[in-house]
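For reference, the structure is listed below as structure tokens.
The values are calculated or read from the model by the stated rules, or taken from the named source; none is laboratory data. Just so it is clear, the model here is predicted, and its values are computed rather than measured. So basically every Cβ, Gly included, is an ideal-geometry build from the backbone, and we count neighbours across all protein chains shown.
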Amino acid sequence: MPSKAAIEAAKLSVAPMMDWTDRHCRYFHRLMSSHALLYTEMVTAPAVIHGDRERLLGFSAPEHPVAVQLGGSDPAQLAEATRIAGDYGYDEVNLNVGCPSDRVQSGSFGAILMEQPALVADCVAAMIAASPVEVTVKCRIGVDEQVPEQVLPDFLRVVSEAGVTRFTIHARKAWLQGLSPKENRDIPPLDYPLVHRMKAEFPHLHLSINGGVTTLDEAEAHLAAGMDGVMIGRAAYHTPADMLLEADQRIFGARTLPKTAHQVAEEMLPYIEAHLAAGGRLNQITRHMLGLFAGRPGARHWKRILSERAHRDGAGPEVVRAALDAVSQFAA
Ligand SMILES: Cc1cc2nc3c(=O)[nH]c(=O)nc-3n(C[C@H](O)[C@H](O)[C@H](O)COP(=O)(O)O)c2cc1C
């Protein structure tokens, strides 16, 4: 069942990114935008079923609206994982049809599923039947020698007939042989016009575009051109203040005043203290905050102080305060 909160939030989302968009990162991003949709890292369906669920799926209430991304290609396993994730309170369960890494290919899921739309349809049908939570798909425009103009509309048609109404399309191909996952995010050329044409061809589907968006101006241009949503990955991680501090006002029409980067750092302190009190380490949180002042006065000092001190035993909020003081002195 589509969740109103998630659909509205999908106008701007922060992409699923392995090792990056963990719960601490999401909490940090949420302080900058109360509206954007936040995605987890990909979790495989077998891990959800057999693994440490609290570690893999645990999140805190302020992260809403939050979507979990699943990896897998076995309909029964994906259905079970969707049921579990729905019970956990996620606003959306997203199926990964875009990740090209070797490990993922050997498990026969991720981007390679672009070659098997009928299997993806079986997977999403089983997921939809398993839980009331909305099921969405993140895909590429094609893989290897596929012709995107042909396979992408076919993929959208087959998978939407199985019940999915919301897709995010990473506007480039993945090459399953010869390119690393990182190269697969840069080398295959972006084809925005094709993704825009898909919106014209499937006006009833909610389509978000992803890949290479590095400013809110660009995000606004995609929305103005008719896309329903824009998903931002690396830029949201590396320059979070530029991408997220004004997102509520510019993308979602909020009438509040944007926070400052300084305010966000201050607001992280109680969260950091609670994490440390529960036995966590400072660096687990601050590693996601290194880019907070990117492009702003004092950025180098902020990053250096956190990088040098946050991993030390016993490091606490005083490290963040020291880094903030350095930024303030620089900016004064
Ligand atoms: C470190 C990293 C990890 C990623 N992990 C995932 C993932 O788990 N699932 C997924 O669908 N995409 C993953 N991606 C791809 C992003 O979601 C996104 O599609 C891609 O980075 C293109 O968007 P961008 O140009 O805005 O970064 C990852 C990207 C990065 C940089």
Worksheet item: (1) within 14 Å of the ligand (Cβ to nearest atom); (2) of a type in the set (A, V, I, L, M, F, W, C); (3) in contact (Cβ under 8 Å) with a residue 40 or more places away in the chain; (4) closer than 23 Å to Leu12 by Cα: which one isn't true of Met114, the others all being true?
Response: (4)
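Name the residue, out of Val143, Val124, that is more than 19 Å from Ala76 (Cα to Cα) and in contact (Cβ under 8 Å) with a residue 40 or more places away in the chain. Explain how you work it out, then say what you get.
Numbers: Val124 fails: more than 19 Å from Ala76 (Cα to Cα).
That would be Val143, the only listed residue that is more than 19 Å from Ala76 (Cα to Cα) and in contact (Cβ under 8 Å) with a residue 40 or more places away in the chain.
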Item to complete: Return a yes/no flag: does the stretch 169-192 have any residue that is buried (at least 19 other Cβ atoms within 10 Å of the Cβ) and away from the ligand (no atom under 16 Å from the Cβ).
Response: no
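Any residue at all in the stretch 49-58 that is among the acidic types (Asp, Glu) and either in contact with a strand residue (DSSP E or B) (Cβ under 9 Å, 6 or more places away or on another chain) or not assigned by TED's automatic domain parsing to the domain that holds Glu134 (or both)? Break it down stepwise before answering.
Just the residues of the stretch 49-58 that are among the acidic types (Asp, Glu), to begin with: 52, 54.
Imposing the further condition that a residue be either in contact with a strand residue (DSSP E or B) (Cβ under 9 Å, 6 or more places away or on another chain) or not assigned by TED's automatic domain parsing to the domain that holds Glu134 (or both) reduces the set to none.
No, the stretch 49-58 has no match at all.
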Practice prompt. State whether the residues of the stretch 262-275 include one that is at pLDDT 95 or above, not assigned by TED's automatic domain parsing to the domain that holds Phe59 and not in a helix (DSSP H, G or I).
Written response: no
Worksheet entry | Matching residues in the stretch 269-298 - criterion: being crowded, with 20+ Cβ neighbours inside 10 Å, more than 20 Å from the chain's Cα centre (by Cα) and closer than 17 Å to Pro240 by Cβ | Ile272, Phe293, Gly298
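Given Arg250, Arg234, which one is within 21 Å of Phe293 (Cα to Cα) and more than 15 Å from the ligand (Cβ to nearest atom)? Reasoning before the result, please.
Working: Arg234 fails: more than 15 Å from the ligand (Cβ to nearest atom).
Only one candidate qualifies: Arg250.
Please work out if Ser60 is surrounded by fewer than 21 Cβ atoms within 10 Å (Cβ to Cβ), at negative phi and touching a Lys or Arg at 6+ places or on another chain (Cβ under 7 Å). Even if it seems obvious, please write down each step before you answer.
Working: surrounded by fewer than 21 Cβ atoms within 10 Å (Cβ to Cβ): yes; at negative phi: yes; touching a Lys or Arg at 6+ places or on another chain (Cβ under 7 Å): yes.
When the stated conditions are applied, Ser60 passes them.
Going residue by residue through the stretch 296-315, is there one that turns out to be touching a Ser or Thr at 6+ places or on another chain (Cβ under 8 Å) and within 29 Å of Ile187 (Cα to Cα)? Write out each step before concluding.
First, the residues of the stretch 296-315 that are touching a Ser or Thr at 6+ places or on another chain (Cβ under 8 Å): 298, 306, 310.
Next cut, within 29 Å of Ile187 (Cα to Cα) only: none.
Within the stretch 296-315, none of the residues are touching a Ser or Thr at 6+ places or on another chain (Cβ under 8 Å) and within 29 Å of Ile187 (Cα to Cα).
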